[in-house]
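To start, the structure itself, in structure tokens.
The values are calculated or read from the model by the stated rules, or taken from the named source; none is laboratory data. Every value quoted in this text rests on a predicted model; they were computed, and no experiment measured them. For neighbour counting, all protein chains shown are included, and Cβ atoms are generated from backbone atoms with ideal geometry for every residue, glycine included. Accessible surface is based on the protein model in full, side chains and every heavy atom, while ligands, DNA and RNA are left aside. Shrake-Rupley method; radii C 1.70, N 1.55, O 1.52, S 1.80 Å.
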Amino acid sequence: MNKSPLQIARYAYNPKLPQILREDLNKICASKGGATSAASDGEAISRLFPNTYGLPKVEFVKGENKKDEKTYNVGVILSGGQAPGGHNVICGLYDALKKANPANQLFGFCGGPSGILEDKFIILNDEIINEYRNTGGFDMIQSGRTKLETQEQFAVCSEVCKKHSINAIVIIGGDDSNTNAAVLAEYFKAKGENVCVVGCPKTIDGDLKNEFIETSFGFDTACKTYSELIGNIERDANSAQKYWHFIRLMGRSASHIALECAIQTQPNICIVGEEVEAKNQSLEDITNYIASVVAKRAENGNNFGVCLVPEGLIEFIPSVKVLISEINDLVAENEKEFGALATTASKIAYIESLLTTDSKRVFNSLPQAIEAQLLLDRDPHGNVQVSLIETEKLLIETVKAKLAAMKKEGKYCGKFATQNHFFGYEGRCAFPSNFDSDYCYSLGYNAFLLIRDNLTGYISSVRNLSAPADQWLAGGIPITMMMNMEQRHGEQKPVIKKALVELDGAPFKYFESKREIWAVDTCFTYPGAIQYFGPSEVCDRTTSTLALENAK
């Protein structure tokens, strides 16, 4: 296979590890803290996880530990959407396994969780691993979205593990995938089977985080990739000075990506979904705000600008959120009838006839294209696929209408020519930044220590991430510690609680203190491409979000 010069150089990059993980493995042991509880709904979570609930937090420290002589056969699964650095998690896990005992084996289950259900795998070796060090994508073993959640599936996992003498499974995924890891760990414990299940926190959306999971891997690279593109567009906007660019960014359930990119690029407008919900703002409120900024800039002769929109914005608008919840339930309850309807018009009419009065009013206020997008096929959880809803186009249309009304009232609004963009897949498989290369390698290496100490139902945790890598802290927390109960397919299910943008947190407060200036003045910043070689302050820097959250 032909390789670019950057590929060749990245294969040779040696990821940095926390100091504790550089020690002889026999001189690293687990220091355990006190018992933990769930994020919320502790009583319900404890009933569902009687064998793995309340486990202590763990930090790895220096100490004698002679457990590495055992032979391990470990299975690894990539689950869900791609995120930069996934390959390095596998590389770190592989290197730690082989360092402990060259006879240890790593089974790469192919195609995500379905790989273990179908007993489809490859034995990972030096040749394979070395082809993927520090590279983007999940193509080493591919990913998938099959869920491990039924007793029948768990029984198959058990048989596959017995067949190949597999004594540990590492699931690399987001909140749902790690929830599945916790359920699988509980199953093995309940059955008395000695298979350790460990998770690793992956999602570019940044909503899998807490005090001990400071960021999910891939967020750093994705935000830097998107920020480069946004900076390029800002430079173009400032050069041509004739377009307003509306840019929708990935982030279904939280606005972390939009907020991080705003701090990096200083656009004129960034809508934060969590603020919209907290202030009970309507679509009209958002429209009025954007139109007022457009008009104010026009007064200053600036008929151009950049507006960032989080992918999941529409679900943060309280009235639309209620509408979407109703539609989700109606589609689930009337699945056969709804599925039998052949045209979009008939589906719109059918749902409209079942909506409550308030939701029907909100539904009818939306352009027909958005109505249709709300009725597209549901995701695996039975929810609307917000990535298919073109919110940036919706805002362009509502702002155009508002500006036209303002002009009729004699208000000067200038020209409003627009371009729209959606940045999603562009960031999911980029070459990982030095930060993500280091972080992911550490997560994988750390996962082996969790396995070695039989810490099943834990997620790999590496923290103190705004410090240099040698000062990072390694350990793990029970996955149940991150859980709450949520409505899924009409039933209450245990899931990892999503971390939303905190409006009293340092990143949002910083953005809030600057946005009025950015709105009127042209303060664009141009981050440029991710840098891999050069001064540490350029190449190894963390996201602005992490730096602000960890500022002492």
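For SER177, are the conditions met, namely being touching a residue at least 60 places away in the same chain (Cβ under 8 Å), out of contact with any helix residue (DSSP H, G or I) (no Cβ under 6 Å at 6 or more places or on another chain), more than 22 Å from LYS3 (Cβ to Cβ) and surrounded by fewer than 19 Cβ atoms within 10 Å (Cβ to Cβ)?
Working: touching a residue at least 60 places away in the same chain (Cβ under 8 Å): yes; out of contact with any helix residue (DSSP H, G or I) (no Cβ under 6 Å at 6 or more places or on another chain): yes; more than 22 Å from LYS3 (Cβ to Cβ): yes; surrounded by fewer than 19 Cβ atoms within 10 Å (Cβ to Cβ): no.
Judged against the criteria, SER177 is not a match.
Name the pairs: first residue in the stretch 485-506 and closer than 15 Å to SER40 by Cα, second residue of a type in the set (Ser, Thr, Tyr) and buried (at least 16 other Cβ atoms within 10 Å of the Cβ), Cβ to Cβ under 6 Å, at least 6 apart or on different chains?
VAL495/THR179; ILE496/THR179; LYS498/SER253
Please identify the pairs in which a residue from the stretch 335-349 that is closer than 12 Å to GLN368 by Cβ and touching a residue at least 24 places away in the same chain (Cβ under 8 Å) has its Cβ atom under 9 Å from the Cβ atom of a residue that is of a type in the set (D, E, K, R) and in a helix (DSSP H, G or I), counting only partners at least 6 apart or on another chain.
Cβ pairs passing all conditions: THR344/GLU371; ILE348/GLU371.
Select from the stretch 57-69 the residues that are in contact (Cβ under 8 Å) with a residue 40 or more places away in the chain and either open to solvent by 60 Å² or more (accessible area, probe 1.4 Å) or part of a strand (DSSP E or B) (or both) and write down the one among them that is nearest to ARG463 (Cα to Cα).
If we take residues in the stretch 57-69 being in contact (Cβ under 8 Å) with a residue 40 or more places away in the chain and either open to solvent by 60 Å² or more (accessible area, probe 1.4 Å) or part of a strand (DSSP E or B) (or both), then GLU59 is nearest to ARG463 (Cα to Cα).
Residue by residue through the stretch 302-340, note down the ones that are more than 22 Å from THR398 (Cα to Cα) and open to solvent by 50 Å² or more (accessible area, probe 1.4 Å).
If the condition is that a residue be more than 22 Å from THR398 (Cα to Cα) and open to solvent by 50 Å² or more (accessible area, probe 1.4 Å), then SER325, ASP329, ALA332, GLU333, GLU335, LYS336, GLU337, GLY339, ALA340 are the ones that fit.
Considering only the stretch 251-270, state which residues are open to solvent by 10 Å² or more (accessible area, probe 1.4 Å) and at pLDDT 95 or above.
HIS256, ILE263, GLN264, GLN266
Quick check on the stretch 446-469. Is at least one of its residues within 30 Å of ILE263 (Cα to Cα), out of contact with any Asp or Glu (no Cβ under 6 Å at 6 or more places or on another chain), of a type in the set (Val, Ile, Thr) and surrounded by fewer than 15 Cβ atoms within 10 Å (Cβ to Cβ)? Steps first, answer last, please.
Going through the stretch 446-469, the residues within 30 Å of ILE263 (Cα to Cα) turn out to be 459-469.
Of the ones still in play, those that are also out of contact with any Asp or Glu (no Cβ under 6 Å at 6 or more places or on another chain) are 459-462, 464, 466-468.
Next cut, of a type in the set (Val, Ile, Thr) only: 459, 462.
The next check asks that each one be surrounded by fewer than 15 Cβ atoms within 10 Å (Cβ to Cβ); those that pass are none.
Within the stretch 446-469 (the criterion being within 30 Å of ILE263 (Cα to Cα), out of contact with any Asp or Glu (no Cβ under 6 Å at 6 or more places or on another chain), of a type in the set (Val, Ile, Thr) and surrounded by fewer than 15 Cβ atoms within 10 Å (Cβ to Cβ)), the answer is no, since none of the residues qualifies.
I'd like the full set of residues that are in a helix (DSSP H, G or I), open to solvent by 70 Å² or more (accessible area, probe 1.4 Å) and under 30 Å from PRO5 (Cβ atoms), limited to the stretch 512-537.
GLU537
So which residues in the stretch 1-49 are under 26 Å from the mean Cα position of the chain (by Cα), of a type in the set (D, E, K, R) and open to solvent by less than 60 Å² (accessible area, probe 1.4 Å)?
Selection gives ARG10 alone.
Inside the stretch 103-206, counting only strands (runs of 3 or more DSSP E) that do not spill past its ends, which hold 1 or more residues that are in contact with a strand residue (DSSP E or B) (Cβ under 6 Å, 6 or more places away or on another chain), among the small types (Gly, Ala, Ser) and at pLDDT 95 or above?
Working: elements: 105-109, 121-124, 168-173, 196-201.
Counting at least 1 such residues, we get 105-109, 168-173, 196-201.
Determine which single condition LYS497 fails, assuming it passes every other condition in (1) over 23 Å from the mean Cα position of the chain (by Cα); (2) modelled with pLDDT under 95; (3) more than 24 Å from TYR226 (Cα to Cα).
(1)
Residues LYS162, LYS120: which one is touching a helix residue (DSSP H, G or I) at 6+ places or on another chain (Cβ under 9 Å) and open to solvent by 30 Å² or more (accessible area, probe 1.4 Å)?
Only one candidate passes the filter, namely LYS120.
List every residue pair whose Cβ atoms lie under 8 Å apart, where the two residues are 6 or more positions apart in sequence or sit on different chains, the first residue falls within the stretch 312-327 and is closer than 19 Å to GLY424 by Cα, and the second residue, located anywhere, is of a type in the set (Ser, Thr, Tyr) and open to solvent by 10 Å² or more (accessible area, probe 1.4 Å).
As it stands, the answer is GLY312/SER253; GLU315/SER253, since those pairs meet every condition given.
All but one of (1) open to solvent by less than 50 Å² (accessible area, probe 1.4 Å); (2) not in a loop (DSSP other than H, G, I, E, B) hold for GLU397; which doesn't?
The number of the failed condition is (1).
Determine, yes or no, whether PHE431 is open to solvent by 20 Å² or more (accessible area, probe 1.4 Å), in contact with a Ser or Thr (Cβ under 7 Å, 6 or more places away or on another chain) and within 30 Å of ILE247 (Cβ to Cβ). Give the derivation first.
Numbers: open to solvent by 20 Å² or more (accessible area, probe 1.4 Å): yes; in contact with a Ser or Thr (Cβ under 7 Å, 6 or more places away or on another chain): yes; within 30 Å of ILE247 (Cβ to Cβ): yes.
So PHE431 fits the description; yes.
Go through the stretch 292-301 and report how many residues are open to solvent by 20 Å² or more (accessible area, probe 1.4 Å) and either acidic (Asp, Glu) or part of a helix (DSSP H, G or I) (or both).
The total comes to 3.
If GLU392 satisfies every condition in (1) open to solvent by less than 10 Å² (accessible area, probe 1.4 Å); (2) among the charged types (D, E, K, R); (3) under 20 Å from the mean Cα position of the chain (by Cα) but one, which is the exception?
It fails just one condition, (3).
So the check is Cβ under 6 Å with 6+ separation or different chains; which pairs have a first residue in the stretch 133-153 that's under 13 Å from VAL89 (Cβ atoms) and open to solvent by 20 Å² or more (accessible area, probe 1.4 Å) and a second one that's part of a helix (DSSP H, G or I) and not hydroxyl-bearing (Ser, Thr, Tyr)?
From residues that are under 13 Å from VAL89 (Cβ atoms) and open to solvent by 20 Å² or more (accessible area, probe 1.4 Å), the pairs are ARG133/CYS91.
So that you can scan it fast, the table gives a plain yes or no per residue for (1) touching a Phe, Trp or Tyr at 6+ places or on another chain (Cβ under 8 Å); (2) touching a residue at least 40 places away in the same chain (Cβ under 8 Å):
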{"position": "LEU184", "(1), (2)": "yes, no"}
{"position": "LYS191", "(1), (2)": "no, no"}
{"position": "VAL198", "(1), (2)": "yes, yes"}
{"position": "PHE212", "(1), (2)": "no, yes"}
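Mind listing just one residue for me: the one in the stretch 232-249 that is within 21 Å of GLU397 (Cα to Cα) and either part of a loop (DSSP other than H, G, I, E, B) or free of Cβ contacts under 8 Å to residues at least 12 places away in the same chain (or both) and, of those, most open to solvent (accessible area, probe 1.4 Å)?
Out of the qualifying residues, it is LYS242.
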